[in-house]
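Below is one structure, written out as structure tokens; the observations come after it.
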Amino acid sequence: MREKYKNFETAVIHEGYDSQVHLGSLSTPLFQTSTFTFETAEQGERRFAGMEDGYIYSRLGNPTVKVLEQRIAALENGGAGLAFGSGMAAVSAVLFALTNANDHILCSQGLYGCTFGLLKLLKEKYQITHDFSGMETEEKIRSAIKPETACIYVETPINPTMKLIDLEMVASIAKEYNIPVVVDNTFSTPYLQRPLDLGCDIVLHSATKYICGHGDVVAGLVVGKKDFISRMAMTTQKDIGGILSPFDAWLLLRGLKTLPVRMDRHSYNAQKLVGKLKKHPAINRVFYPLDRKHKEYKIAKKQMKQGGGLISFEIKGHKEDAQRFLNELKLIKIAVSLGDAESLIQHPATMTHAVVPKEERQQMGITDQLIRLSVGLEAWEDIWADLEEGLKVLEN
Ligand code: LCS
């Protein structure tokens, strides 16, 4: 892909759109329509039969959404893309497409809370089982693969522990067994990490986060080989129906243009804050991919361009101390979600990962002391001043 625009920073602005076929409109036109008219009944028949290209109904495709799908496909270096009404709509459409009743899914040791919830649902309703693995070594991956393993599903960095998975290693083993590897690339975005280039098969996003970047859309994106994406478009998207609205696609196209600039700034701010947090006496441990002390620093170096905008850290004390600290913050907002211009902070054990039973949560590394910070685009000095002031409550 990306033959048209070699550089990411250019593709993110131009890919998939030609202003000259839209009356010269610089901004992608918003096709805010549910349906498309046919010139004749015969034309309608040909479109439904797939004998003629053209739009039919916005659940089956929309020109504004299409630009976004082509753009993300190019940025991830994949064959085709598909947009959804939320990250979870994207995750569920992919898992429904890849599995049958009684199959097995091998997962990274740690996943976003609702993805965990979806796995539980698949198990209860269709006996689709799953296992978690740290995937630290080839042996660990091999021993976790079963004859009925239908896919390997990983987040890296993992939400919210910031643990990493070696994508090249997982992909090369999965190839031997002919098992597709799905990567949730939400935390990194294609600017920092491109799983398909490392041999993985499908990449997905909660586009609600960095792809949007402005906290005003809930959306999901999937990129993979053309035939897989076409199959999904006609089954687990068309018939389950979790599509993206044209207006939200338009907002995502606008947000996406500044992705590289934003990610550079998020990463820079995060690096500065990691240095400060590590030295603070009220903090036990800090987790950030490109911190030299990170357990999987080598993996981060190998597969990530920069460390991104998420930091997690453990405070000294108990759950109540974590909550007292959050309550002291003024600039940084207490909120789930991430990847916005505003710095956001949350307590995973009682918020994003509250649905995960305590024992499994602890196996994943989500303690009551763990806090996740989504570093915004503000001056890092102001973010640090707020953190430092808030941390004082733990010193008394
Ligand atoms: N994958 C990851 C890694 C996520 O962090 C999220 C949402 C999703 C998928 C689902 O995407 P959504 O449907 O919300 O667009 N993560 C959230 C979080 O950490 N805080 O709030 C939502």
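The values are calculated or read from the model by the stated rules, or taken from the named source; none is laboratory data. None of the values given here were measured: they were computed from a predicted structure. All Cβ positions, glycine included, derive from the backbone under ideal geometry; neighbour counts span all protein chains shown. What goes into the accessible areas is simple: the full protein's heavy atoms, side chains included, and nothing from ligands, DNA or RNA. Shrake-Rupley method; radii C 1.70, N 1.55, O 1.52, S 1.80 Å.
Taking a label point 7 Å from the Cα of residue 172 along the Cα→Cβ vector, which residues of the range 190-216 have an amide N closer than 12 Å to it?
Only 199 fall inside the zone, counting backbone N under 12 Å.
Can you give the relative contact order of the range 1-86 as a percent, counting alpha carbon pairs under 8 Å and 6+ residues apart?
Rounded, it is 34 percent for the range 1-86.
Hey, if we sort 393, 21 by accessible area with the 1.4 Å probe, largest down, what's the order?
In descending accessible area the options line up as 21, 393.
Nearest 20 debye, what's the magnitude of the dipole of the chain about its Cα centre given +1 on Lys and Arg Cβ and -1 on Asp and Glu Cβ?
Working: 47 positive and 48 negative charges, 143 e Å.
In debye, rounded to 20, the chain gives about 680.
Expressed as a rounded percentage, what relative contact order does the range 260-394 have, with Cα pairs under 8 Å and six or more residues apart?
It rounds to 30 percent for the range 260-394.
At a threshold of 8 angstrom on Cα-Cα distance, excluding pairs fewer than six apart, so keeping six or more, what relative contact order does the chain reach in percent?
17
Per-residue HN-Hα couplings for the range 45-53, Karplus 6.51 cos²θ - 1.76 cosθ + 1.60 at θ = phi - 60°, whole Hz, x for Gly and Pro?
Result, rounded to whole Hz: 4, 5, 5, 5, 7, x, 8, 9, 6.
Pop out the ³J(HN,Hα) list for the range 277-282 in order, Karplus 6.51 cos²θ - 1.76 cosθ + 1.60 with θ = phi - 60°, rounded to Hz; leave Gly and Pro as x.
Karplus-based 3J(HN,Hα) across the range 277-282 equals 4, 4, 8, 7, x, 8 Hz.
Roughly what angle does helix 167-177 make with the longest principal axis of the chain, taking Cα atoms, 0 to 90 degrees, to the nearest 10?
Once rounded, the angle reads 50 degrees.
Please compute the length gained on full extension between residue 235 and residue 59, using 0.36 nm multiplied by the number of residues separating them and subtracting their Cα-Cα distance.
Going from the current span to full extension adds 62.2 nm.
Could you pull out the pairs from 175/333; 4/301; 4/295; 238/305 whose alpha carbons sit more than 32 Å apart here?
175/333; 4/295; 238/305
Any chance you could run the full-extension gain for residue 33 through residue 137? It's 0.36 nm times the residue separation minus the Cα-Cα distance, nm to one decimal.
Extending this stretch completely gives an extra 32.4 nm.
So, with +1 on the Cβ of K and R and -1 on the Cβ of D and E, and no other charges, what is the size of the charge dipole of the range 260-394 about its Cα centre, to the nearest 20 debye?
Once rounded to the nearest 20, the dipole reads 680 debye.
Going by Cα centres, the range 238-259 and the range 15-49 are how many Å apart?
One Cα centre to the other: 16 Å.
Add -39500 (n - 2.57) for each DSSP H run of 4 or more in the chain, then divide by its residues: what number comes out at 222 nm, to the nearest 500 deg cm²/dmol?
Computed mean residue ellipticity for the chain: -11500 deg cm²/dmol.
Quote the FRET efficiency, to the nearest 0.05, computed for residue 258 versus residue 41 with a Förster distance R0 of 51 Å and r equal to the Cβ-Cβ distance.
Efficiency, rounded to the nearest 0.05: 0.65.
Which residue, chosen from 233, 10, 84, occupies the Cα position most advanced towards the positive end of the dipole of the chain, where the dipole is computed from +1 (Lys, Arg) and -1 (Asp, Glu) charges on Cβ about the Cα centre?
So the residue furthest toward the plus end is 10.
Return one whole number: the accessible area per residue of the range 260-394 in Å², for a 1.4 Å probe.
Ligands and nucleic acids excluded, the figure is 45 Å² per residue.
Helix 380-395: angle to the longest alpha-carbon principal axis of the chain, degrees 0 to 90, nearest 10?
50
Rounded to whole Hz and in sequence order, give me ³J(HN,Hα) for the range 354-371 from the Karplus expression 6.51 cos²θ - 1.76 cosθ + 1.60, θ = phi - 60°, writing x for Gly and Pro.
Result, rounded to whole Hz: 5, 6, 7, x, 3, 4, 5, 4, 5, 4, 6, x, 9, 8, 5, 8, 7, 10.
Looking at the chain as a GNM with Cα springs under 10 Å, which of 227, 368, 197 has the largest mean-square fluctuation?
227
When the accessible area of the chain is split by element with a 1.4 Å probe, what percent falls to carbon and sulfur?
That share works out to 52 percent.
At 0.36 nm per residue, and after removing the present C-alpha to C-alpha distance, how many nm does the segment from residue 381 to residue 297 gain when stretched out fully?
Gain on extension, residue 381 to residue 297, equals 27.7 nm.
Give the shape of the range 274-327 as rounded, prolate or oblate, defined through the alpha-carbon gyration tensor: a ≥ b ≥ c are the square roots of its eigenvalues, a/c under 1.5 means rounded, and otherwise the shape is prolate if a/b is larger than b/c and oblate if not. Kindly include the intermediate steps, with their values, before the conclusion.
Details: a/c = 2.79, a/b = 2.34, b/c = 1.19.
Prolate, since a/c reaches 1.5 and a/b exceeds b/c.
List every residue whose amide H lies under 5 Å from the amide H of residue 80, counting only residues 5 or more places away in sequence or on a different chain, with H placed 1.01 Å from N in the peptide plane.
Placed amide hydrogens put 224, 226 under 5 Å from residue 80.
For the range 39-92, what does the alpha-carbon gyration tensor say about shape, rounded, prolate or oblate, given a ≥ b ≥ c as the root eigenvalues, a/c under 1.5 as rounded, and a/b over b/c as prolate?
prolate
Which values, in whole Å and largest first, are the semi-axes of the equivalent ellipsoid of the chain obtained as the square root of 5 times each eigenvalue of the Cα gyration tensor?
Working through the eigenvalues yields semi-axes of 36, 26, 19 Å.
What ranking of 336, 217 comes out by heavy-atom accessible area, probe 1.4 Å, highest first?
Heavy-atom accessible area, descending, gives 336, 217.
Answer rounded, prolate or oblate for the range 183-266, using the Cα gyration tensor with square roots of eigenvalues a ≥ b ≥ c: rounded when a/c is under 1.5, else prolate when a/b is larger than b/c, else oblate.
oblate
Take the alpha carbon atoms of the range 329-375, find their radius of gyration, then divide it by 2.2 N^0.38 Å using N residues; give the quotient.
1.20
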